[in-house]
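**Student:** Sharing a structure, written as structure tokens. Questions coming.
The values are calculated or read from the model by the stated rules, or taken from the named source; none is laboratory data. All values derive from a computational prediction rather than experimental measurement. No Cβ is skipped: glycine too gets one built from the backbone with ideal geometry, and neighbour counts run over all protein chains shown. Note: accessible area is taken over every heavy atom of the protein model, side chains too, but ligands, DNA and RNA are not part of it. Shrake-Rupley method; radii C 1.70, N 1.55, O 1.52, S 1.80 Å.
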Amino acid sequence: METLDQIFVLSKKGILDFLGTFLPEWVVTLACVAITIKAIAVLGPVTMMYLTLMERKVIGRMQNRIGPNRVGKWGLLQPLADGVKMLTKEDIVPHGADAVSHFLAPILIVIPSLLAFAVIPFGRGMTPVDLNVGVLFFIAVSSTTTIAIFMASWGSRNKFSVLGGMRSAAQMISYEVPMVLSVVPVILIAGSLSTNDIVLAQAGWGGLKWFVFTPWGFFAFIIFFLCGVAECNRSPFDLPEGESEIVAGFHTEYSGMKFALFYMAEFMNSFTVSGLAATLFLGGWQGPFLPSWLWFFLKTYALIFVMIWFRGTLPRIRVDQLMGLAWKFLMPLTLVNILAAGLWYFTEGAARWLITASILAGSFWLLTKLNRGYTPEKRVYLFAE
Amino acid sequence: MIFGTGILQGLMVTLKNFVTSYFKAPDEGGIFTVEYPEKRLPEKERFRNFPFLLYDKNPENLRCVACDICAKECPPKCIYIVREFDKDGKPLKRPAVFDIDFTVCMNCGICEEACPFDAIYMDHEFEIASADRHAKLLYHRDDLLKSNEYFHKIRPTDASAIDARRREAEEKKKAAEAAALAAQKAKEAAAAQAKPPEPPKPAAGA
Amino acid sequence: MLSTADLKTKIEAAIPGTTLKLVRESLLLENPNDLLKVARFLKESDLGLDYLSSVTGADYLTYLESVYHFYSMAQKSGPVVLRVRTDRQNPQIPSLTALYRGAEFQEREAYDMYGIVYEGHPDLRRVFMWEGFEGWPMRKDYQQEDSETLEMADVAWLENQGVKVPEPIKAKAEELEKQGKRALAQKPGQPEPQ
Amino acid sequence: MTEKTFSLHGAGDMDTQTLEINIGPQHPSTHGVFRMNVVLDGETIVSLKPVMGYLHRNHEQIAENMSYTGSMPYTDRLDYFNSMSNNFGYAMAVEKLANIEVPERAHYIRIIMAELTRLVNHVSVIGFLLNDLGAFFTPVLYAFREREKILDIFEEVAGARMMCNYLRFGGVKYDLSPEVLARIAGILKKFPKFLEEFETLLTKNEILCMRCQNVGVLPAELAVSASVTGPMLRASGVNYDIRKADNYSLYERFKFRVPLGQKGDVYDRYYVRILEMRESLKILEQAVKEIPAGDIMSKKMVPFLKSPRNFKPPVGEAYARVEAPKGELGYYVVSDGTAQPWRYHVRAPSFINLTILEDLCIGQKVADAIIILGSVDIVLGELDR
């Protein structure tokens, strides 16, 4: 069990030990870094490839379809076929596009998504880089995708792209704020910005100490997840690429592998966001019986399933409502949430449950009442004989 | 009402369909897809696609008499007929050329309705895609010919009704012909009775 | 609902100076300039014909016609069919768009197809045919371009594409060019264009 | 048209430019090759000009050069979702022209087909509307799942799924067998259950309500003046259903109600369609139960089935209209006593309902324009003719 749990760590150690027998120490250090990078560089794209398949399969099933099943058993080779197709497609650069930013954008957008992998604790002792400001790093890095998106939209010289880019910038700025604020209670309680420490803070009680099982944690989790969905531009917050309105938004003018890179970034983002949500609120890699890394992937994929589920069910929000939701609803709620977490920290026993839960429920109810525009109107329909 | 309940209900619907898609019948939330080339839906008898020409027993014996009615009635004018002539230039009751341009045909079935000779019917064959629309989708007389047995196979009810009607018509025609013949004979006989038979001519050179 | 004859007398009594004629089950307005007055009467009087169902043109070789079908949504009555005639060379009929918004696109369509100019229409452009299209395609004398005969422009384009155009076809195209004619398809029995 | 002015709130003295974009003819949500020439101020619409004609084939002239029966299959292609309703209107116009009586059974069959068509249309229109809203095909595919069952019936009865060409002057082409009637009854039994599911997915969905309520409000006076018909008119609260107003065919025998909205926004247009489907189900139930035995063709017209070209209605003109699922579908036919109509005109609901598109869209966001267009319910085959 212990070996299975630590299989990746041990194999890496084995390789390094083997290299250490005949190579100087600085080469071994380099190799150590290289192996980690390699692992991420393989994990990222492969995750993305199979996430596309998973998305198509799951949405297909939700729509009573089969989904891709022609390439390989159950369509398992479909991502490869798609990859080949993407690579062999003609690369179209619009006449009059800003060549530099049009070319650089798809490359730049992948970098932050890959960087974000660095602080995700994949298992016990499996955090690629155990930064002491891990969460901060993640948030900082993941928000830079906006720049790439804006480059793509501006460089394409397409009006639909520009609209998409503008929407993306606005959306990112709005959703970054509640996202950060929803992480604050976790940091407050765990007392650390390191992702590994946060996971360790949720240990014990067979999973009941996960932060999601506290009132403030529950609200923070929902808000964090929603903002995460918005940050990866996924439905129902997929306005920057809103297909039915602005064709494909910022990647209207991209084809072939460049387009695939945007897709890759989107899927890797959704993986890292789900991973971080699992880390912060669902106890990370903690769990009984199964190896720690398996637990992590189970939780992450469950969250990704929810994202796909959203996409299969929900229509898209309009741009002004999107902003309104962030500023008028999520933002006050996160602020109240921080207060609740503070009270949680200073109180004990049943009282703290009662206080925090009532504060949060009350503010939720109040905010629903205040944002009357977001609650459905009751309609009466008459019938003429 | 709490904000989000409607969304949650909607999510439950899709989740239910996700789950039922694994074990329920197509009608009750199961997978509705028919994996086409391997599986096919049963063909409906009245299904119509492109027209074909019918022949009885052998391809020489086709029912079409080149009357040109279908070509005139065809709304998009996709039928082109040239009558066959024999060596003396006498028109024959069959087409020398009978072309249907399937790229123009709109599967309305008016040719079938208008044909007075039960010669043209709508086919069930729909997999006629080809890379060359000019050469492959312009169907000539011999491509269009199909046997009555084939017609019975694809549209049993209609085919038997039509066959019965044709048989009846033929019998009636035969009966009418026989009656006409009998009437002719009777007339001749009556005429013969009215006029006493002429005495036989003397044999020439007797 | 009044009979068409009663309606005729009613309108003539209400709007002095208008003359209407019965054509089958419809009213023919003799003077097109009265159209707006009559329509306003139909809409605002107790007839209550608030709904203009259909506006369409028609070509009767010697004149063009615009046919209106009025209904009443409030009283659920109708139709009242009104027709206005205008000559072919300079067809002009007042527009009903100010009174009935629903006429806007329909009048554009009639203009597009028949060339009837609806005076006072806010945005009288072609609606189905493209800008710069010549001719009025629904008029009975409209001649379609003959798709089988080539003109010199087509020949030039084909040669530019590297296609060798057979001599007789080219000769025919040159002949047409010399006569200053276009390759038009004349249907049998079609009137000559005016 | 009067000059429309629109001021941007809070823009102040800022020097801003408007953005002119063409939504269509190649756009995912214009329901075909339709173009909207939109001027935007930010994301707000300042002016919108519909441009059509990309699918124009001069249907009217084709019909004027065709025998009367010959244009029947062409009417299928007007509104290719509802070929049965299109046939119905055309058959009624010619029957009026030539004074043909239709047997009772044929009337019943026509009504059954027209109401099934209404189900097909409304259910798929709602699906498309949700696609325009950004839902990823789930409502469409649920709608198509049900539509498929009805199309199967059309195929069995008429021989084609969409281009039915089923009605003839004086009756219908084929009789309904008892098995088909039983199958229709089976569909009627299952359809309410499906509608229930569909509504649970959509009606109370907060995002849908947020997007649709109070968007694209069409006041009743404007709707009447602009000759808007069909569910769009009734959503604005005007009680006008041609089935009730004209009592054509045998509609006065059936008990059904006309649902009326109150606001006339996109949500009302959506919900009125749902309610109309329920009423259609009532009509269908009665029709299937009460359908009498008898002829399906008028005796007078039987000889013309074999020789359509000999059918020459007397000199005269007729205007017949039916309540097609999209609105009032009118046919104006003028006969000069020959085998071809002298004048043939189609009053297409999709075309005329678009007259007020600009009025509905001004001051709304781009995303709203798309759903307003979706709620108007256009089909380009009919719009461009």
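**Student:** Taking the Cα centre of each part, how many Å lie between the range B:54-89 and the range A:6-20?
**Tutor:** That distance is 83 Å.
**Student:** Still on this structure: Taking the Cα-to-Cβ direction at residue C:98 and at residue D:65 and moving 7 Å from each Cα, how far apart do the two end points lie in nm?
**Tutor:** Between residue C:98 and residue D:65, the simple spin-label model gives 4.0 nm.
**Student:** Show which aspartates and glutamates lie in cross-link reach of residue D:244 when reach means a straight Cα distance below 19 angstrom and same-chain residues fewer than eight apart are skipped.
**Tutor:** A:385, C:50, D:104, D:115, D:252, D:276, D:279, D:285, D:323, D:328
**Student:** Further question: Given a 1.4 Å probe and every protein chain left where it sits, what share in percent of the accessible area of the range C:143-187 is carbon and sulfur? Please report the intermediate quantities before stating the final value.
**Tutor:** On the way: 1760 of 3520 Å².
After summing per-atom areas, the C and S share lands at 50 percent.
**Student:** Which GluC sites (Glu not before Pro) in the range B:28-95 pass both tests, a DSSP loop state and at most 16 other beta-carbon atoms within 10 Å?
**Tutor:** Working: sites: B:28, B:35, B:38, B:43, B:45, B:60, B:73, B:84; in loops: B:35, B:38, B:43, B:45, B:60.
Those that pass, being in a loop and sparsely packed, are B:35, B:38, B:43, B:45, B:60.
**Student:** Under Stokes-Einstein, with the Kirkwood radius over Cα pairs standing in for Rh, what whole-number D in µm²/s applies to the range C:143-187 at 25 °C and 0.890 mPa s?
**Tutor:** Values: Rh = 10.8 Å.
Estimated via Stokes-Einstein, D reaches 228 µm²/s.
**Student:** If you don't mind, another one. Compute the FRET efficiency between residue B:136 and residue B:161 as 1/(1 + (r/R0)^6), taking r as their Cβ-Cβ distance and R0 = 41 Å, and round to the nearest 0.05. Show your work: numbers first, answer last.
**Tutor:** Values: r = 34 Å, r/R0 = 0.82.
The value I calculate is 0.75.
**Student:** Indicate the residues belonging to the range A:62-80 that lose 50 Å² or more of solvent-accessible heavy-atom surface (probe 1.4 Å) upon moving from the chain alone to the assembly of all protein chains, ignoring ligands and nucleic acids.
**Tutor:** A:62, A:63, A:64, A:66, A:70
**Student:** Once amide H atoms are placed 1.01 Å from N in the peptide plane, what residues at a sequence separation of 5 or more from residue D:51, or on another chain, have their amide H within under 5 Å of its amide H?
**Tutor:** Those qualifying (amide H under 5 Å, at least 5 residues apart or on another chain) are D:35, D:36, D:37.
**Student:** Something else now. So for the range C:4-119, if I pair up every lysine 8 or more residues apart or on another chain, how many of those pairs have alpha-carbons under 18 Å apart?
**Tutor:** On the way: C:8/C:21; C:8/C:37; C:8/C:43; C:10/C:21; C:10/C:37; C:10/C:43; C:21/C:37; C:43/C:76.
Taking the range C:4-119 as the scope, the lysine pair count is 8.
**Student:** Now a separate question. Using only the alpha carbons of the range A:89-368, what is the convex hull's orientation-averaged projected area in square nanometres? The partial results should precede the final answer.
**Tutor:** Working: hull surface 59.9 nm².
Dividing the Cα hull surface by four gives the mean projection, 15.0 nm².
**Student:** Next up: Please enumerate, by chain and number, the lysines with C-alpha under 28 Å from the C-alpha of residue B:187, excluding those fewer than 8 residues away in the same chain.
**Tutor:** B:172, B:173, B:174, B:195, B:201
**Student:** When ranked by the protection proxy of mean other Cβ atoms within 10 Å per residue, highest first, what sequence do the peptides C:56-63, D:231-238, D:76-83, B:160-167 form? It would help to have the intermediate numbers written out before the result.
**Tutor:** Values: C:56-63: 18.6, D:231-238: 27.5, D:76-83: 23.9, B:160-167: 12.6.
Result, highest mean first: D:231-238, D:76-83, C:56-63, B:160-167.
**Student:** Run the simple label-point estimate for residue A:69 and residue D:51 please: 7 Å along Cα→C-beta, distance reported in nm.
**Tutor:** Result: 4.5 nm between the two label points.
**Student:** What are the ³J(HN,Hα) couplings of the range D:58-75, residue after residue, when phi is run through the Karplus curve with 6.51, -1.76, 1.60 and θ = phi - 60°? Round to Hz, x for glycine and proline.
**Tutor:** Ordered by residue, 3J(HN,Hα) equals 6, 3, 5, 6, 4, 5, 6, 10, 9, 5, 4, 5, x, 7, 4, x, 6, 5 Hz.
**Student:** Let me have the 222 nm mean residue ellipticity of chain D computed from DSSP H runs of 4+ only, each contributing -39500 (n - 2.57), with the sum over all residues rounded to the nearest 500.
**Tutor:** Working: 16 runs with 181 residues, N = 385.
Result for chain D, helices only: -14500 deg cm²/dmol.
**Student:** Note the angle between two axes, namely the Cα long axis of helix D:266-290 and the longest principal axis of the Cα atoms of chain D, as a number of degrees from 0 to 90, rounded to the nearest 10.
**Tutor:** For D:266-290 against chain D, the angle is about 10 degrees.
**Student:** Quick one: what does P(r) look like for the range D:174-324 with 5 Å bins over all Cα pairs, in whole %?
**Tutor:** All Cα pairs, binned at 5 Å, distribute as 2, 8, 12, 14, 15, 14, 12, 10, 7, 4, 2, 0 percent.
**Student:** With the radius of gyration and the Kirkwood radius both derived from the Cα set of chain C, what is their ratio Rg to Rh? Mind dumping the intermediate values first?
**Tutor:** Values: Rg = 22.3 Å, Rh = 19.3 Å.
Rounded to two decimals, Rg over Rh is 1.16.
**Student:** If I take R0 = 51 Å and measure r between the Cβ atoms of residue D:196 and residue A:84 in this structure, what FRET efficiency does the formula 1/(1 + (r/R0)^6) give, to the nearest 0.05?
**Tutor:** 0.70
**Student:** Leaving out ligands and nucleic acids, and using a 1.4 Å probe, what accessible area per residue does the protein assembly as shown come to in Å²?
**Tutor:** Working: 50200 Å² over 1170 residues.
Ligands and nucleic acids excluded, the result is 43 Å² per residue.
**Student:** Give the Cα extents of the range A:10-124 along the principal axes, in whole Å, largest first.
**Tutor:** Taking max minus min along each principal axis of the Cα atoms, the range A:10-124 gives 54, 43, 25 Å.
**Student:** Let me ask something else. May I have the pair-distance distribution P(r) for the range C:4-119, computed from all Cα-Cα distances with 5 Å bins from 0 and rounded to whole percent?
**Tutor:** 2, 12, 24, 27, 20, 11, 4, 0
**Student:** Rounded to two decimals, what is the ratio between the C-alpha radius of gyration of chain D and 2.2 N^0.38 Å? Provide the component values of the computation, followed by the final result.
**Tutor:** Details: Rg = 21.5 Å, N = 385, 2.2 N^0.38 = 21.1 Å.
Its radius of gyration relative to the 2.2 N^0.38 Å reference: 1.02.
**Student:** Would you grab the residues whose amide H sits under 5 Å from the one on residue D:328? Only those 5+ places off in sequence or on another chain, please, with H modelled 1.01 Å from N.
**Tutor:** Correct list: D:229, D:230.
**Student:** Could you name the aspartates and glutamates in cross-link range of residue B:185, using Cα to Cα under 14 Å and dropping any fewer than eight places away on the same chain?
**Tutor:** B:177
**Student:** Decide, for the range D:162-251, between rounded, prolate and oblate: order the square roots of the alpha carbon gyration tensor eigenvalues as a ≥ b ≥ c, take rounded if a/c falls under 1.5, and otherwise choose prolate if a/b is larger than b/c, else oblate. Walk me through the numbers on the way to the answer.
**Tutor:** Values: a/c = 2.92, a/b = 1.34, b/c = 2.19.
Oblate is the answer for the range D:162-251, as a/c is 1.5 or above yet b/c matches or exceeds a/b.
**Student:** Here is a follow-up. Taking N as the number of residues in the range A:173-314, what is its alpha-carbon radius of gyration divided by 2.2 N^0.38 Å? Mind dumping the intermediate values first?
**Tutor:** On the way: Rg = 16.5 Å, N = 142, 2.2 N^0.38 = 14.5 Å.
Normalised Cα radius of gyration, the range A:173-314: 1.14.
**Student:** Would you kindly state the longest site-free stretch of chain A, with sites defined as chymotrypsin sites (Phe, Trp or Tyr not before Pro) in a DSSP loop (not H, G, I, E, B) surrounded by at most 10 other Cβ atoms within 10 Å? Before the final figure, lay out the partial values.
**Tutor:** Details: sites that count: A:22, A:289.
Longest stretch, sites excluded: A:23-288.
**Student:** Would you please state which residues of the range D:94-125 a label at residue D:300 would reach in this model, taking the label point 7 Å out along Cα→Cβ and a backbone N cut-off of under 12 Å?
**Tutor:** D:94-103
**Student:** Can you give me the % of accessible surface on chain A that is carbon or sulfur? Probe 1.4 Å, all protein chains present, nothing else counted.
**Tutor:** Details: 12200 of 16530 Å².
Carbon plus sulfur share of accessible area: 74 percent.
**Student:** Simple spin-label model, 7 Å along Cα-to-Cβ: residue A:27 to residue A:351 in nm?
**Tutor:** Each label point lies 7 Å from its Cα, and together they span 6.5 nm.
**Student:** Give the long-range amide H neighbours of residue C:28: residues separated by 5 or more places, or on another chain, with amide H under 5 Å away, using H modelled in the peptide plane at 1.01 Å from N.
**Tutor:** Result for residue C:28 returns C:21, C:22, C:23, C:83.
**Student:** Counting other Cβ atoms within 10 Å, which GluC sites (Glu not before Pro) in the range C:86-134 have at most 15 and lie in a DSSP loop? Before the final figure, lay out each step's value.
**Tutor:** On the way: sites: C:104, C:107, C:109, C:119, C:131, C:134; in loops: C:131, C:134.
Sparse-neighbourhood loop GluC sites (Glu not before Pro): C:131, C:134.
**Student:** To continue, here is another question. DSSP loop (so not H, G, I, E, B), at most 12 other Cβ within 10 Å: list which trypsin sites (Lys or Arg not before Pro) in the range A:1-101 pass both filters. List each step's numbers first, then the result.
**Tutor:** Working: sites: A:12, A:13, A:38, A:56, A:57, A:61, A:65, A:70, A:73, A:85, A:89; in loops: A:65, A:70, A:89.
Hits after loop and neighbour filter: A:70.
**Student:** Using the beta-carbon distance between residue C:171 and residue D:315 and R0 = 56 Å, what value does 1/(1 + (r/R0)^6) give for FRET efficiency, to the nearest 0.05?
**Tutor:** Numbers: r = 47 Å, r/R0 = 0.84.
Rounded to the nearest 0.05, the efficiency is 0.75.
**Student:** Still on this structure, please answer the following. Within 10 Å of each Cβ of B:28-35, how many other protein chain Cβ atoms are there on average? Show your work: numbers first, answer last.
**Tutor:** Working: counts 2, 3, 1, 7, 11, 7, 1, 3.
Across B:28-35, the average partner-chain Cβ count within 10 Å equals 4.
**Student:** So what is the diffusion coefficient of the range C:92-148 in µm² per second by Stokes-Einstein at 25 °C and 0.890 mPa s, using a Kirkwood Rh over Cα pairs? Spell out each step's value before the answer.
**Tutor:** On the way: Rh = 12.0 Å.
Result for D is 204 µm²/s.
**Student:** Limiting things to C-alpha atoms, what are the Rg and the maximum Cα-Cα separation (Dmax) for the protein assembly as shown, in angstroms?
**Tutor:** Radius of gyration, then largest Cα-Cα span, for the protein assembly as shown: 36.4, 153 Å.
**Student:** Can you give me the Rg/Rh ratio for chain B, using Cα atoms for both radii and the Kirkwood formula for Rh? If you can, show how the numbers build up before the last one.
**Tutor:** On the way: Rg = 30.1 Å, Rh = 22.8 Å.
The Rg/Rh ratio comes out at 1.32.
**Student:** Using θ = phi - 60° and the Karplus form 6.51 cos²θ - 1.76 cosθ + 1.60, what ³J(HN,Hα) does each residue of the range D:162-172 get, whole Hz, x for Gly and Pro?
**Tutor:** Rounded to whole hertz, the list is 10, 8, 5, 6, 9, 7, 10, 5, x, x, 10.
**Student:** Per-residue mean of other chain beta-carbon atoms within 10 angstrom of the beta-carbon, peptide A:225-237?
**Tutor:** Numbers: counts 0, 0, 0, 0, 0, 0, 0, 0, 0, 0, 3, 7, 1.
What the average comes to for A:225-237 is 1.
**Student:** Something else now. Across the range A:25-40, in residue order, what do the Karplus-derived ³J(HN,Hα) couplings come to in whole Hz, using 6.51 cos²θ - 1.76 cosθ + 1.60 with θ = phi - 60° and x for Gly and Pro?
**Tutor:** With coefficients 6.51, -1.76 and 1.60, one gets 5, 5, 5, 5, 4, 4, 4, 4, 5, 4, 5, 4, 4, 4, 4, 5 Hz.
**Student:** For a 27 Å ceiling on Cα separation, which of these pairs sit above it: A:258/B:16; A:73/B:24; D:204/D:365; D:149/D:173; B:16/D:190; A:85/C:164?
**Tutor:** Long pairs (Cα-Cα over 27 Å): A:258/B:16; A:85/C:164.
**Student:** What is the range B:115-171 by shape, rounded, prolate or oblate, if you read a ≥ b ≥ c off the alpha carbon gyration tensor as root eigenvalues and call it rounded for a/c under 1.5, prolate for a/b larger than b/c, and oblate otherwise?
**Tutor:** Numbers: a/c = 3.73, a/b = 2.25, b/c = 1.66.
Prolate is the answer for the range B:115-171, as a/c is 1.5 or above and a/b outweighs b/c.
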